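Reviewing the structure listed below.
The values are calculated or read from the model by the stated rules, or taken from the named source; none is laboratory data. Just so it is clear, the structure is predicted and the values come from calculations on it, not from any experiment. Reconstructed Cβ throughout: ideal geometry from the backbone, glycine too, with neighbour counts over all protein chains shown. In case anyone asks, the SASA skips ligands and DNA or RNA and just uses the protein heavy atoms, side chains included. Shrake-Rupley method; radii C 1.70, N 1.55, O 1.52, S 1.80 Å.
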Amino acid sequence: MLDTKPIRAVTFDAGGTLLRPAAPVGEIYARVADAFGLRDVTAAELEENFQREWRQKGEFDYTQDAWFALVRRTFGLHAARLPDAFYPALYEEFARVECWHLFEDVLPTLDELASHGIPLGVISNWDNRLRTLLAAFKLTGFFDVIIPSCEVAFHKPSPVIYEVAVRQLGLPPEQILHVGDHFLEDVEGARSAGLQSLHLVRGALHKTAGQITSLLEVPTVVELAGGHLLISGLNT
C-alpha cells in the first residue's frame with residue numbers, strides 16, 4: 001500500500017522476491033538423499049510432502065534444528081533410513097549458489113535505485129545462510145542493511161524485524177518502502193511497523209492497488225524528485 005509520503009529507502013524480501021530455488025525442492029532433496037544411499041524415494045513424492053509440510057509448518061523459527069525437523073517430516077518413514085550426516089549435508093547444499101536462481105529483474109532494479117544513492121536493505125525470514133548467498137550473487141554491496149530473521153529472533157510478519165531495519169536505516173518507518181511476494185509477511189507485516197509496501201505478484205494478469213508484477217516497476221513507480229523519492233502511480 002502506497003501513499004504520498006516521501007520514500008527515502010527501499011527494502012526487499014529475499015525468497016520469492018530476489019531468489020528462488022534453481023530446481024524444485026523435492027528434486028534437490030532426492031539428489032542429496034541418493035548420495036546417502038536412499039534411492040527409492042522420488043523427487044515428486046518429496047516435493048508433494050515438502051509443500052504440505054511447509055504449508056502446515058505453523059510457528060517456524062528458521063533455525064537449523066527447525067529445518068532438520070521439517071526435512072524429517074518431509075521424508076516421513078524414509079527418514080529412519082537416513083544417517084545423521086544427511087541433514088547437515090542437505091543444509092549446506094542450500095547454502096550453495098548453484099542451488100538458487102536470481103530473478104532476472106533483480107540486478108537492473110538494484111542498479112537503478114543504487115545509482116540514485118537510495119539506501120537499500122533486505123528483510124527476510126531466513127537463516128544464517130542468507131548472507132553467504134547474497135555474497136555469492138554479488139548482491140551484498142547493494143545493501144545498507146541485511147536482516148535475516150534468525151539474527152533478531154523474530155520473523156515476519158512480526159513488526160519487530162521491521163523495527164530493527166528501521167533503526168539501522170535511521171529513517172522514520174513511513175519513509176521506507178518494503179517490497180515482497182508474501183501478502184501477510186511482507187505487506188501486512190510492513191504496514192504493522194509503519195512502513196509502506198508493495199506486493200510483488202509475478203505473472204499476475206490483473207494488478208490490484210499496491211501490486212507490481214516485476215521488480216522493474218519499483219524504480220518507475222518511485223519517482224525521483226528534488227533528491228527525495230516520491231511514490232507515484234500506485235496509490236490506493
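Using only the alpha carbons of the chain, determine the length spanned along each of the three principal axes and report them from longest to shortest in whole angstroms.
Principal extents (Cα only, largest first): 63, 35, 30 Å.
For region 8-153, calculate the relative contact order in percent as a whole number, restricting contacts to Cα pairs under 8 Å that are 6 or more residues apart.
Value for region 8-153: 33 percent.
Grab the DSSP H runs of the chain that are 4 residues or longer, score each as -39,500 (n - 2.57), total them, divide by all residues and round the 222 nm result to the nearest 500 deg cm²/dmol.
About -10000 deg cm²/dmol.
How would Glu27, Glu93, Glu48 line up by accessible area, probe 1.4 Å, largest first?
From most accessible down to least: Glu48, Glu27, Glu93.
What does the accessible area per residue of region 1-111 come to in Å², with a 1.4 Å probe and no ligands, DNA or RNA counted?
Per-residue accessible area for region 1-111 comes out at 49 Å².
Taking a spot 7 Å from the Cα of Asp40 along the direction of its beta carbon, which residues of region 65-84 have an amide N less than 12 Å from it?
Inside the label zone: 78, 81.
Which FRET efficiency value, to the nearest 0.05, is calculated for Leu171 and Arg31 with the Förster distance at 35 angstrom and r the Cβ-Cβ distance?
According to the calculation, E is roughly 0.20.
How far apart, in nanometres, would the label points at Leu216 and Val97 be if each is projected 7 angstrom from Cα along the Cα-to-Cβ direction?
A separation of 2.4 nm, rounded to one decimal place.
For region 3-129, what does the alpha-carbon gyration tensor say about shape, rounded, prolate or oblate, given a ≥ b ≥ c as the root eigenvalues, a/c under 1.5 as rounded, and a/b over b/c as prolate?
Prolate, because a/c is 1.5 or more and a/b exceeds b/c.
Please return the longest range in the chain lying between exposed loop sites, taking trypsin sites (Lys or Arg not before Pro), DSSP loop only, at most 12 other beta-carbon atoms within 10 Å, and leaving the sites out.
Within the chain, the longest run free of exposed trypsin sites (Lys or Arg not before Pro) spans 139-236.
Return the carbon/sulfur percentage of the accessible area of region 31-182, one whole number, probe 1.4 Å, all protein chains in place.
Taking all protein chains in place, region 31-182 shows 53 percent carbon and sulfur surface.
Could you report the accessible area of Thr63 in Å², rounded to 10, computed with a 1.4 Å probe on the protein chains as they sit in the structure?
50 Å²
Along Cα→Cβ, 7 Å out, is where each label goes; now give me the distance between the ones at His116 and Phe183 in nm to one decimal.
That separation, rounded to one decimal, is 2.8 nm.
For Lys207, give me every one of the aspartates and glutamates with a C-alpha distance below 14 angstrom, ignoring sequence neighbours fewer than eight places off in its own chain.
Asp181, Glu217
Starting from the residue with the highest accessible area, list Asp13, Asp61 in decreasing order, probe 1.4 Å.
Largest accessible area first, the list is Asp61, Asp13.
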